[in-house]
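Just below is one structure, and these are the notes that go with it.
Laboratory data are not the source of any read-out in this text; all were calculated from the coordinates shown. Since this is a predicted model, take the numbers as computed values, not measurements. Glycine also receives a Cβ, built like all others from the backbone with ideal geometry; neighbour counts cover every protein chain displayed.
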Amino acid sequence: MHTDTDVNTPAPAASEEKVMGKDGMAALVGALTGRGYTVVGPTVRDGAIVLAELESADQLPYGWGVELQAGQYRLRRRPDGAAFANAAGPQSWKTFLHPSRVRQWSADRVGEETVFTADPSPPPRYAFLGVRSCDLRAVAIQDRVLTGGPHRDPVYQGRRSGAFLVAVECTEPGGTCFCVSMGTGPAAGPGYDLVLTEVVDDDGHRFWIRSGSREGAEVLAELPAHPADSATREAARAGVTAAAERMGRTMPEADLRELMAGTLDAPRWDDVAGRCLTCGNCTMVCPTCFCTTTEDVTDLTGDHAERWRLWDSCFDLDFSHLHGGPVRASTRSRYRQWMTHKLGTWYDQFGSSGCVGCGRCIVWCPVAIDITEEAAALHDWTRSRPPEDAS
Amino acid sequence: MSTVTPPLPYRVAATEPETADTRSVELVPAGRELPPFSPGQFAMVYAFGVGEVPVSVSALRGRHGGLVHTVRAVGATSTALYRLREGDTVGLRGPYGTGWDLDAVAGHDVLVIAGGIGLAPLRPVVHTVLDRPAAYGRLGVLVGARTPDDLIHRKEIDDWRGPAAVGVTVDRPGPGWHGAVGVVTALLDRIDLRPDRTCALVCGPEVMIRHTARALTGRGVPAHRVQVSLERNMRCATGHCGHCQLGPLLLCRDGPVIGYDRAEPLLTVREL
Amino acid sequence: MTGLPTPLDLLSAAQSERLLAIGLDVSFPAGTRLFDEGGKADRFWLLRAGEVDLDIHVPGRHPAPVVETLGPGQMLGWSWIAPPYRWNLGARTTTAARATEFPAGPVLDLCAADPALGYALMRRFTEVVAERLQATRIRLLDLYAPYGSRPA
């Protein structure tokens, strides 16, 4: 959503709807580029569907699907030629909104004075094409973390307030997806400028497209599209509804926040600690993980210093370092920190769950640890405990 | 709501040695000034090219009208800050954190309990209470330190005797020490504690905090009237970096000062 | 008599009265040695005012290192409870001090004759000992040491 004020305000209820073909998609990339946006979307590279700058809609992953399992990601050809019938890839939009490495400010000694300067580079203006429902929610969650508290992060704020979001509803969940459990998909929630639902059937390859903001409606008006017909609309809705029935994973039927708070001493943490390599992959691919560390550097003259901010991971031993050593020294405590934060204490800190059910942490775990399986095991433990212990 | 900005340059107006490894530094703005600090809040203090550390204010107004921070040289950045000399410049961001809830303390007996350098964040509380004695009940100040030479703000503690009931104890006495020896909680037996009227403010190493808070609640002070100042790794101080989490809390935002009623269940979980 | 709570507050009024009947109000000038390590532990004190250092004799170290200070409202001495009934530490007043002094023999006789009182008193002393043990354990950690010198 493009706004210069508050990124936490919900989208205005502007809603135009159209149906367009692949030519409309090509025109959409052109229209966004023409408005000065750097268009970023999914494309096939290095054996995966990655997010990258797009020069044309031809770069979209038409005809590519993915096979996702715990610890496994495989591209496969799709005979139907669909562009968005593939689940989350290794990256998420935080790569662009909350970059892995930014210079926050620099300090210069000028005579007797020290001058601090905020990084002057103007934020890029991104149009994100193909933001899945789960990832759309992830952006809303990072909005709250990085701009919804007493202090706003200027880097995120700058990039986010200028961003144009084209969401895409999910019709092809992967084997590791569980957005239905988390209430984040497969239909798109608010926060988009435009939203697409892709339909490929006997009537052809087309996109049902609606606007969610004034600028979205303006862009939509520029596209070669025709009025929405009920057949396309129905086929699109049916595709999304069917997707909801085909989730590869589910979370246990439990209040996850209470489950996390009540199982801090569960033996399951030792079990998962026996498998976890503390590599931090799950935190890198998670679309909501936001933790960072800092690095201070100086140049050779010693009169110019810079403050850099880098992604960090709660799996890093130094993450909780305090004087004598790390607070969370064991693998058990670090995995527990990540999972209880994501599913539990995130509510206390930011008013919602930190998990959107995208399944990336399951796919990219080198030892196939599955957050839904871990949650289920904790849930089973609470139910199997003798009543006097179940407080 | 504010947007995070670079630090502001502050100049060292004075330094005061406290112990062999600890020094108080008074900072005055070299240009623009930060918003006012409250007792218990902290600043991120940047040593040029070395790094930034959170440091509580140990006085809101020093002799030159500046902010006073008391720094113990334990790491690279704090050692650089310890070595600051008059006229040097640092970067300062803040104020951050909750600070001591002095509104909740008003009308109550105020019992300040400090261990080691934990006295620094509590010193502005003593100043505030001494400035406005009518707003508070009795003031007690109990201080524990490793040795007599490790006592910070030592001269000032002596000045508080009279208006406040002051107790000082050390773990290891040296020659010439005529004060008490033992943990700071032992002093609780020797003051006229009125548990039903007392608000206690505690700062020190976490084990000392837990031990002290238990001693207080054991004597009948309700846990919500025991405020404690906690410490975790802090990088950003603005709630964005995730390092200072303690279960549901982001200590830079929800702390460092919280009620012991909230702290206790968190401090007893290992490696939380 | 100060308004401080004392370890005897937990006894019933009647129990307190019987115990205090055995007690003797005493006062000491600053610098009085109340007992020395190895001496016969035949009494204890409830300190009312002033401070007392507990020390240990170490050859070559003068004055003897002080390991703990006791003050008003605190009990002084528990070696009278258990064999070999010898003081483990020395005690010396650092200020003028007042106390109620209890001779061990009559107190133990009273406890034997009145087990309810004996139980209450022993329980109270257990609390005192437990608290000091805990305090000592905390000090073993050397919490205020420079962080850099602490093992990681």
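With Cα atoms defining each centre, the stretch A:206-281 and the stretch A:355-370 are spaced 14 Å apart in the structure. The three principal axes of the Cα atoms in chain A give end-to-end lengths of 71, 66, 38 Å, sorted in falling order.
Peptide B:176-187 has a mean of 6 when you count, residue by residue, the C-beta atoms of other protein chains within 10 Å of its C-beta. Grab the other residues whose beta carbon is less than 13 angstrom from that of B:R262, score K and R as +1, D and E as -1, and report the net. Local net charge: -4. Helical content of chain A, expressed as a calculated mean residue ellipticity at 222 nm, amounts to -8500 deg cm²/dmol (DSSP H runs of 4 or more residues, -39,500 (n - 2.57) each, divided by residue number, nearest 500).
The value of relative contact order for the stretch B:102-267, using C-alpha pairs under 8 Å at least six residues apart, is 20 percent.
Taking every alpha-carbon pair under 8 Å whose residues sit at least 6 apart, chain A reaches a relative contact order of 22 percent.
Electrostatic bookkeeping for C:P65 treats Lys and Arg as +1 and Asp and Glu as -1; over the other residues with beta carbon under 11 Å from its beta carbon, the sum is -1. For A:K18, no lysines have a Cα falling under 27 Å of its own Cα, not counting residues fewer than eight places away in the same chain. The charge dipole of chain C, taken about the Cα centre with unit charges on the Cβ atoms of Lys, Arg (+1) and Asp, Glu (-1), comes to about 320 debye, rounded to the nearest 20.
Have a look at C:T93, A:V168, A:Q157 and report the one farthest towards the positive end of the charge dipole of the protein assembly as shown, computed about the Cα centre with Cβ charges (Lys/Arg +1, Asp/Glu -1). Farthest towards the positive end: C:T93.
I need the fraction of alpha carbon pairs in the stretch B:8-96 separated by more than 19 Å, rounded to a whole percent. Counting pairs separated by more than 19 Å, the tail of P(r) holds 26 percent. The relative contact order of the stretch A:256-384, computed from alpha carbon pairs under 8 Å that lie at least 6 residues apart in sequence, is 34 percent. Here the protein assembly as shown is treated as an ellipsoid with the same Cα gyration tensor; its semi-axes, largest first and in whole Å, are 63, 31, 21. Dividing the Cα radius of gyration of the stretch B:102-267 by its Kirkwood radius returns 0.97 for Rg/Rh. Residue ranges B:253-265, A:176-188 sort as A:176-188, B:253-265 when ordered by packing (mean number of other C-beta atoms within 10 Å per residue, highest first). In the stretch A:87-177, the alpha-carbon atoms span a convex hull of 105 Å³ per residue. Between A:E113 and A:E53, the modelled label-to-label distance comes to 3.6 nm, taking each label 7 Å out from Cα in the direction of the beta carbon. Each residue in A:S106, B:S56, A:S100 was given a count of other beta-carbon atoms within 10 angstrom of its own, and listing them fewest first yields A:S100, A:S106, B:S56.
Per-residue mean of foreign Cβ neighbours for B:232-239 is 6 (Cβ atoms of other chains, 10 Å radius).
Taking the Cα centre of the stretch A:199-293 as reference, the dipole from Cβ charges on Lys and Arg (+1) and Asp and Glu (-1) amounts to some 160 debye. Per residue, the Cα convex hull of the stretch A:256-384 amounts to 137 Å³. Give the Debye-formula value of log10 I(q)/I(0) at each listed q (0.12, 0.17 Å⁻¹), with one equal scatterer per alpha carbon of the stretch A:17-244, two decimals each. Each listed q corresponds, in turn, to -0.66, -1.27.
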